[in-house]
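Reading through the structure tokens given below for one structure.
The values are calculated or read from the model by the stated rules, or taken from the named source; none is laboratory data. Computed from a prediction, not measured in an experiment: that's the story for all the values here. All Cβ positions, even for glycine, are placed from backbone atoms using ideal geometry, and neighbour counts span all protein chains on display. Keep in mind that these areas ignore ligands, DNA and RNA; they rest on the heavy atoms of the full protein, side chains included. Shrake-Rupley method; radii C 1.70, N 1.55, O 1.52, S 1.80 Å.
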Amino acid sequence: MSTSITHHRLAELVGGELFQGEPEGLITGLNSISEAEPGDVTFLGNERYLSALRHTRATAALVGLDFAEPLPGLALIRVENPTLAFSSVIRFFGPPSREFHPGVHPSAVVAQSAQFNPERVSIGPCAVIEENVVIGDGTIVHAGVFIGHGARIGMDCVLHPNCTLREMTLLGDRVIIHSGTAIGTDGFGYQFSQGRHQKIEQVGIVQIDNDVEIGSCTTIDRARFGRTWIGEGTKIDNLVQIAHNVVIGQHSIVVSQVGISGSTHIGSHVTIAGQVGIAGHLEISDQVTLLAKAGVTKNITEPGAYTGFPAKPLMEGRRMLSAPAKIPEMMERIRELEKKLAALEKAQA
């Protein structure tokens, strides 16, 4: 592991320009603006932390291309995107990535009909791979993963320990699934008949396209028939519930504790913030942002930001959310008006 780097080399590493500081000054670690110590490098990814940067103990900082404020004693490196550039710093100072070790662990249970090249995939301890599974080259299946019969997994995927891929699930290339996530479980479908809930068979699949990442303890249900479909490049956080026949477009973001009901179609470049709830059989347009805890009960056909319950365009939703806070003041004004009205009625009588 590397332990130090000069300001000049750090600028080269992040593809930036050292515009303040000694080129041969040394950096020995990294940290946030508020927690950095001498020898650390930090970054300014949001202007609201500028005041903190002025008082940081860090030795160097990555800043935007238009940053011009001189900060005494701080080496400054201009980059196009400080947040992304800092990822290179993390990789430099962080622990080395685990090496790819091809082969099948002796404790793994692998059906004879499973198709993969054991010299180009890695199957960890106690993994279970059922019949007719296909796994692409470069894929890592960590300990305790279950892959149901007929599943298809693309190239360079990473399945972290104890995740579950049920039967017939389809994964594209470079898909990452974190621990505890279950994909392809039965959709929640019942019909009430003769005084009881009768289970409706769920015989569809889940399709996950290229470059999707899914966090821990998320559940994605198989379709009743057809497919539940997650589009290319979409990123899904921990603790998300996606119901049967949901479609999410490309390069969308779904944050923790979101619940999406069945057969809802969500466009591309959509951001769904934490604890948003979306009813079933709805259509949500491309380039929509749903703010935290919004409740979506109707179709959203226009791009933009929405908030509140039921979800409304941003400014309307904010007015709706602010109204309850005014109720005590309004009640007091009503009581005062009632007193004045009673006095007027008494005077007239």
So the pair-distance distribution of the stretch 20-165, from every Cα-Cα distance in 10 Å bins, comes to percents of 11, 31, 13, 15, 20, 10, 1
Let me see the pair-distance distribution of the stretch 213-333: every alpha carbon pair, 5 Å bin width, integer percents in order. 3, 12, 20, 25, 16, 9, 5, 4, 3, 2, 1, 0
Answer label, with mean projected area of the Cα convex hull in nm² calculated from the coordinates and candidates (i) 17.1; (ii) 21.6; (iii) 29.3: (iii)
On the Cα set of the stretch 126-278, report Rg and Dmax in Å, please. 14.9, 52
Span-rule helices in the chain, defined as complete DSSP H runs reaching 15 Å or more along the axis (Cα) with Kyte mean at least 1.0: 82-93
So how much slack lies between Ala111 and Glu167, counting 0.36 nm per residue of separation and subtracting their Cα-Cα distance, in nm? 18.8 nm
Residue-wise, which Karplus ³J(HN,Hα) couplings in Hz belong to the stretch 245-261, taking 6.51 cos²θ - 1.76 cosθ + 1.60, θ = phi - 60°, and x for glycine or proline? 6, 5, 10, 10, x, 7, 6, 9, 10, 10, 8, 3, 6, 6, x, 10, 7
Positive-end residue of Val89, Gln202, Thr3, charge dipole of the chain with Cβ unit charges: Gln202
What is the magnitude of the charge dipole of the stretch 218-349 about its Cα centre, with +1 placed on the Cβ of each Lys and Arg, -1 on the Cβ of each Asp and Glu, and no other charges, expressed in debye to the nearest 20? 320 debye
Over all directions, how big on average is the projection of the convex hull of the alpha-carbon atoms in the stretch 184-234, in square nanometres? 4.1 nm²
The answer for the per residue Cα convex hull volume of the stretch 8-63, in Å³, is 78 Å³
How large is ³J(HN,Hα) for each residue in the stretch 50-55, as worked out from phi by the Karplus curve 6.51 cos²θ - 1.76 cosθ + 1.60 (θ = phi - 60°), to whole Hz, x for Gly and Pro? 4, 4, 5, 5, 5, 10
Per residue value of the accessible surface for the stretch 6-95 (all protein chains in place, 1.4 Å probe), Å²: 55 Å²
Debye sum, Cα scatterers, the stretch 142-225, no solvent: what log₁₀ I/I(0) at q = 0.18 1/Å? -0.71
Burial ranking of peptide ranges 273-283, 205-215 (average Cβ count within 10 Å, highest at the top): 205-215, 273-283
At a 1.4 Å probe, what is the % contribution of carbon and sulfur to the accessible area of the stretch 1-133? 51 percent
How large is the translational diffusion coefficient of the stretch 206-282 in µm² per second when you combine the Kirkwood radius over alpha carbon pairs with Stokes-Einstein at 25 °C and 0.890 mPa s? 208 µm²/s
Net charge of neighbours whose Cβ lies under 14 Å from the Cβ of Phe309, counting Lys and Arg as +1 and Asp and Glu as -1: +4
Peptide ranges 189-201, 232-244, 315-327, 284-296 listed from the most packed, as the mean C-beta count within 10 angstrom indicates: 232-244, 284-296, 315-327, 189-201
Alpha carbons only, please: Rg and Dmax for the stretch 98-168, in angstrom. 10.4, 29
With the cut-off at 1.5 for a/c, could you classify the stretch 250-294 from its C-alpha gyration tensor as rounded, prolate or oblate? oblate
Determine ³J(HN,Hα), in whole Hz, for all residues of the stretch 265-280 in sequence, where each value follows from phi through the Karplus function 6.51 cos²θ - 1.76 cosθ + 1.60 and θ = phi - 60°; x replaces Gly and Pro. 10, 10, x, 8, 6, 9, 10, 10, 7, x, 6, 6, x, 10, 5, x
What the 5 Å binned alpha carbon P(r) of the stretch 275-319 shows, as percent of pairs per bin from 0, is 6, 27, 35, 27, 4, 1
Once all protein chains are kept in place, Arg222 shows an accessible area at probe 1.4 Å, nearest 10 Å², of 10 Å²
